[in-house]
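Each remark here refers to the structure printed beneath this line.
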Amino acid sequence: MDFALSTEQLDLADAERAWLAKHDPILHRRASIDDGPARIPADARKHVVESGLAGLLTEAAGGTNVDLLVLAEEHGRAGSAVPLAEIAIAAAVLERIGHPAAAEAGAGEVIVIPVASAGSLDVRVAGDTLQISGTTTPATGLVDADHVLLLAETDDGREVAAVIGAGDVSVSVADTLDLLRSWAKVDVDLTLGIWQWSFVPAGTTRAVNDQIATFRAVDALGCADRLLRMTVEYAGQRTQFGSAIGSFQAVKHHLANMAVAVEASRATLWAAALALDEPAGPARTRAVSSAVAFACRSAADVGQLALQVHGGIGFTWEHDVHLLIRRIKVDELLDGSVGEHRRRVVRAATG
């Protein structure tokens, strides 16, 4: 398959990169890093809404998963706290099912919690009401959410979507390695009226899980690409024995391996984003899970090589290397670990 980003997609990525460079999420976070979990800055939230990114995947915007991919990579590269994929996916799901909260989702006020993050929830339909109790596993952006979209399977195997106000649940911050985004769990014990929930077509939760997993890996790719650029720049500046360390063969090999890992990951994730628009089946599962497993593992390897080439300065609190490695490690573990996605590939292949 021959594939390349369109001119419009390249322009979209350039515009978002410019906005992120101007507002520098990591620099913004440095000022409050000791004060508590990362919060979504007001200007970032306003930007996501006014630029139309919150509704990118809706019919009105006509965006694709590849469009969202190029944006998610830029946010990962910049270390942004904005859960862009979770916001855009929530808006698209609510529009498809005609939920009254679709307008709020388009305004960036709803963040999706996919069924993979449903944790130990018990979901039951009783007449016109939906009973939900339990605790979700960590999801990002919930600290700043006005509403959460919970996609889950009921006790009888049907799939439902429930929009819950943040004030109706208990949101507890989760302690993770990631210092650039907030992660939180939601404790739920509610009985929802018919206007707050609805059934969704079979396969919706699996499709959303595949999207979230893909864009989590894309975030790791963005971090890895930034680490590669930082490491190449450092290797050209740092001298030893009168020469730049980038001229040493061993360091060249490290940089080459990092570059191959980044570019190969990008190619596999492009394929996964294209597969997200296909019907559910073994082909989509293989494309998504193989890309996620490869990209997340490769990003972790890039992080370790970046740390090795930077040497002692890479271990310091003041340097950004550790912030990006921390973020990659969380991307590698949540919404399906590398091992879990490898098992999915095997099951899809042997099916």
Inset, instruction - Go through the stretch 14-36 and give me each residue that's open to solvent by 40 Å² or more (accessible area, probe 1.4 Å), of a type in the set (D, E, K, R), under 25 Å from Leu69 (Cβ atoms) and outside any loop (DSSP other than H, G, I, E, B). - result: Asp14, Arg17, Lys22
Inset, instruction - Name every residue in the stretch 37-60 that is touching a residue at least 40 places away in the same chain (Cβ under 8 Å) and either closer than 29 Å to Glu318 by Cβ or assigned to a loop (DSSP other than H, G, I, E, B) (or both), in order of residue number. - result: Pro37, Ala38, Arg39, Ile40, Pro41, Arg45, Thr58
Inset, instruction - Quick one: which residue in Val70, Val48 is more than 20 Å from Ala139 (Cα to Cα), open to solvent by less than 10 Å² (accessible area, probe 1.4 Å) and not acidic (Asp, Glu)? - result: Val70
Inset, instruction - For the stretch 269-300, enumerate the residues that are part of a helix (DSSP H, G or I) and either open to solvent by 70 Å² or more (accessible area, probe 1.4 Å) or polar (S, T, N, Q) (or both). - result: Pro282, Thr285, Arg286, Ser289, Ser290, Phe294, Arg297, Ser298
Legend entry - Which listed residue, of Gly236, Gly246, is part of a helix (DSSP H, G or I) and open to solvent by 50 Å² or more (accessible area, probe 1.4 Å): Gly236
Legend entry - Within the stretch 175-192, considering residues that are in contact (Cβ under 8 Å) with a residue 12 or more places away in the chain and part of a loop (DSSP other than H, G, I, E, B), the one nearest to Leu142 (Cα to Cα): Ser182
Inset, instruction - Spot the failing condition for Ala81; the list is (1) modelled with pLDDT of 95 or more; (2) part of a helix (DSSP H, G or I), and only one is missed. - result: (2)
Legend entry - Which numbered condition Pro37 misses (of (1) of a type outside the set (Asp, Glu); (2) within 19 Å of Gly222 (Cα to Cα); (3) within 18 Å of the chain's Cα centre (by Cα)): (2)
Legend entry - Restricting the stretch 170-192 to residues that are of a type outside the set (Gly, Ala, Ser) and surrounded by 21 or more Cβ atoms within 10 Å (Cβ to Cβ), the residue that is farthest from Ala54 (Cα to Cα): Val188
Inset, instruction - Quick one: which residue in Val163, Val188, Val173 is at pLDDT 90 or above and among the β-branched types (Val, Ile, Thr)? - result: Val173
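The values are calculated or read from the model by the stated rules, or taken from the named source; none is laboratory data. This is a predicted model, so every value here is computed, not measured. When we count neighbours, we look across all protein chains shown, and the Cβ atoms used for this are built from the backbone with ideal geometry, even at glycine. Keep in mind that these areas ignore ligands, DNA and RNA; they rest on the heavy atoms of the full protein, side chains included. Shrake-Rupley method; radii C 1.70, N 1.55, O 1.52, S 1.80 Å.
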